[in-house]
Each structure stands twice: as structure tokens, then as C-alpha cells.
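Single-structure report; data block below.
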Amino acid sequence: MSKQVTLTLSPAEYAALVDMIQIADWVITAHEEEAHEAEDVPQSEPYRALRNKVLSHVEGTDLEDRFEYNEVLGGYAETAEYEVSGRYRELLDEFENRTFWEELVERLADRDLVDSVGEDAIDAMSVMERYEVREPYCETYAEEFKQNGLSNLRCR
């Protein structure tokens, strides 16, 4: 038998927890398929249930105006204003922006490295060797995007 966990949170801690849950919900559900391939139940269901459990306590808090219970969804939904301008959205936007540039640099560097030395040579390298050979490509792309953004990136 599992022990129940009880948390006592200050209003600021609860607000931070709600932001964390919003971020996690976005990561889990943003690209979710309608249902898990092997089941009719979406993979996110246990997380959505926990999200709703936590959000069921917003009434009477400073967060009350950011969420509303939606009968159709059977759970809590963000208000339009909070969805666009909530603190969690700022954190997600910053994360997505940084991730975009890092992924772009790394994927272009990987492509150029394969073009330069070939996949077999890369596979034969140690992790450290691969890093050392790849790093100049990453630095070049990082500097290019820092200076020019996407302005010079064109299809052939």
C-alpha cells in the first residue's frame, strides 16, 4: 500500500508549481498524436489528470483568474490571456528559441561533418575526437547566426 503524499505550499510556491505544470503539459502534449499507437488512451492522460488535480485548487488563489473549468474538456483550461502572456509562456518561448538555434547549429554542423569526412570515419571516432572535429563547424554556424540570423540561409 502506497503512502499518500501531502504538500503544503505557499501561494508563491503554488504559482511556481502551476507554471511548471503548464510547461510540462506543453512539452508532453504539444505534438501528441490523437492516441497512443497501441492504445486508445493518449499517453498524456495520467499527466493531464494530475494537472487537473493540481489546478482544482486555483479557486481562492491569486491564480483564479488564469484558469476556468471547462465542462466540455472535463478539466481546467487556461484563459486566453494567461495562455499568451503567462510567466510559463515566457519561459517556454525562451526555451524554444534557444533550442531552435542550438538544434540548427548542431544539425548543420553534423551534416557538414558527414559531408567532410563521411559517416564511417565519424563512427570510428571517440566521442572526444568527434567533438573536437565537429566544434569548428558549430562555432562557424553559431557566429553566422549571431551576426545575421537566418538572412543568409537559403535553399540551393
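The values are calculated or read from the model by the stated rules, or taken from the named source; none is laboratory data. Remember, predicted model here, so these are calculated numbers, not experimental data. Methodologically, a virtual Cβ is constructed for each residue, glycine included, from the backbone with ideal geometry; neighbour enumeration extends over all protein chains shown.
Here Asp65 meets each of (1) surrounded by 11 or more Cβ atoms within 10 Å (Cβ to Cβ); (2) part of a helix (DSSP H, G or I); (3) free of Cβ contacts under 8 Å to residues at least 12 places away in the same chain with one exception, condition (3).
Candidates in the range 43-57 are the residues that are within 18 Å of the chain's Cα centre (by Cα) and in a loop (DSSP other than H, G, I, E, B); of these, the one that is modelled with the lowest pLDDT is Gln43. Taking first residues from the range 106-127 that are assigned by TED's automatic domain parsing to the domain that holds Tyr141 and in a helix (DSSP H, G or I) and partners that are among the hydroxyl-bearing types (Ser, Thr, Tyr) and surrounded by 12 or more Cβ atoms within 10 Å (Cβ to Cβ), the Cβ contacts under 7 Å between residues at least 6 apart in sequence or on separate chains come to Leu108/Tyr141; Ala109/Tyr137; Ala109/Tyr141; Asp112/Tyr137; Leu113/Tyr137.
Residue-level analysis places Arg98 outside the set of residues that are without any contact (Cβ under 8 Å) to a residue 12 or more places away in the chain, under 20 Å from the mean Cα position of the chain (by Cα), loosely packed, with under 15 Cβ neighbours inside 10 Å and over 30 Å from Leu50 (Cβ atoms). The set of residues in the range 1-19 that are assigned to a helix (DSSP H, G or I) and free of Cβ contacts under 8 Å to residues at least 24 places away in the same chain comprises Ala12, Glu13, Ala16.
For the range 33-48, check the following and say yes or no: at least one residue is in contact (Cβ under 8 Å) with a residue 24 or more places away in the chain and surrounded by 10 or more Cβ atoms within 10 Å (Cβ to Cβ). Yes - at least one qualifying residue is present in the range 33-48.
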